[in-house]
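The values are calculated or read from the model by the stated rules, or taken from the named source; none is laboratory data. The shown structure was predicted, so the numbers you read here are calculated from the model rather than taken from an experiment. Using ideal geometry, Cβ is built from the backbone for each residue, glycine included, and neighbour counts are taken over all protein chains shown.
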Amino acid sequence: MPAASDEDLMLAYAGGDAGAFDALYARHRGPSFRLMLRSVRSRGEAEELFQDLWMRVIEARARYTPTAKFTTWLYTIAHNRLVDYWRSKGLATVPIENEEGEPVAELKAGPFDEPTRIIEARQTLDVLDKAIAALPSAQREAFLLHHEGDMTAAQIAEATGTNEEAAKSRLRYAMDKLRKAIGDD
């Protein structure tokens, strides 16, 4: 039996099935948290935004209607919350570091990984993290929604309230800048 769609799970949750929410949360907590984490200054702020996102999902359950994919609806809420956050911070570009100034992402090495490859991978990840943080906010958001939210340009446009061509353009420019930053021209 195939797994229930996100839309069906959200409708079931709206109808009182708490287990449906658990399934939705399990599916989307990682990508939605990473979106928040890569969009703000600190892990604490990301956690607060992440909790706020899911509280808004809970509060909106009775009003939910599947007019678009659940992920589009979810990331529209995330986008709106981030816009509010960025406005409160003056739309500043923020690094992807924790409060101590250390990179947030960590690579886990396997028992047979070569130390030089681990170091190179960490350096590449650090360059990529800094390049993502340096992107203009609209491009960074398009990239993160595509990468973390697995959203198409059309879905990004819908979630961010822009047109599809603008979303494609933002995504293309972001990808070009990131490729150049890591030397993968």
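Please tell me if E106 is in a helix (DSSP H, G or I) and either modelled with pLDDT of 85 or more or surrounded by fewer than 14 Cβ atoms within 10 Å (Cβ to Cβ) (or both).
Against the criterion (in a helix (DSSP H, G or I) and either modelled with pLDDT of 85 or more or surrounded by fewer than 14 Cβ atoms within 10 Å (Cβ to Cβ) (or both)), E106 does not qualify.
Every residue, every condition in (1) more than 21 Å from E158 (Cα to Cα); (2) without any contact (Cβ under 8 Å) to a residue 24 or more places away in the chain; (3) not charged (D, E, K, R), yes or no:
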site	(1), (2), (3)
G16	yes, yes, yes
F21	yes, no, yes
R43	yes, no, no
R56	no, no, no
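Suppose we keep only residues that are assigned to a helix (DSSP H, G or I) and among the β-branched types (V, I, T) within the range 58-82. Which one would you say is farthest from A153 (Cα to Cα)?
I58
Of all residues in the range 111-162 being of a type in the set (A, V, I, L, M) and closer than 15 Å to A181 by Cβ, which is modelled with the lowest pLDDT?
Quick first cut of the range 111-162, residues of a type in the set (A, V, I, L, M) only: 118-119, 121, 125, 127-128, 131-135, 138, 142, 144-145, 151, 153-154, 156-157, 159.
Applying the additional criterion that residues be closer than 15 Å to A181 by Cβ yields 125, 127-128, 131-135.
Working: L125: 71, V127: 79, L128: 78, A131: 85, I132: 86, A133: 84, A134: 87, L135: 89.
The extreme case among them is L125.
Just a yes or no: is a residue in the range 41-53 closer than 22 Å to A133 by Cα and not in a helix (DSSP H, G or I)?
Looking through the range 41-53, at least one residue is closer than 22 Å to A133 by Cα and not in a helix (DSSP H, G or I).
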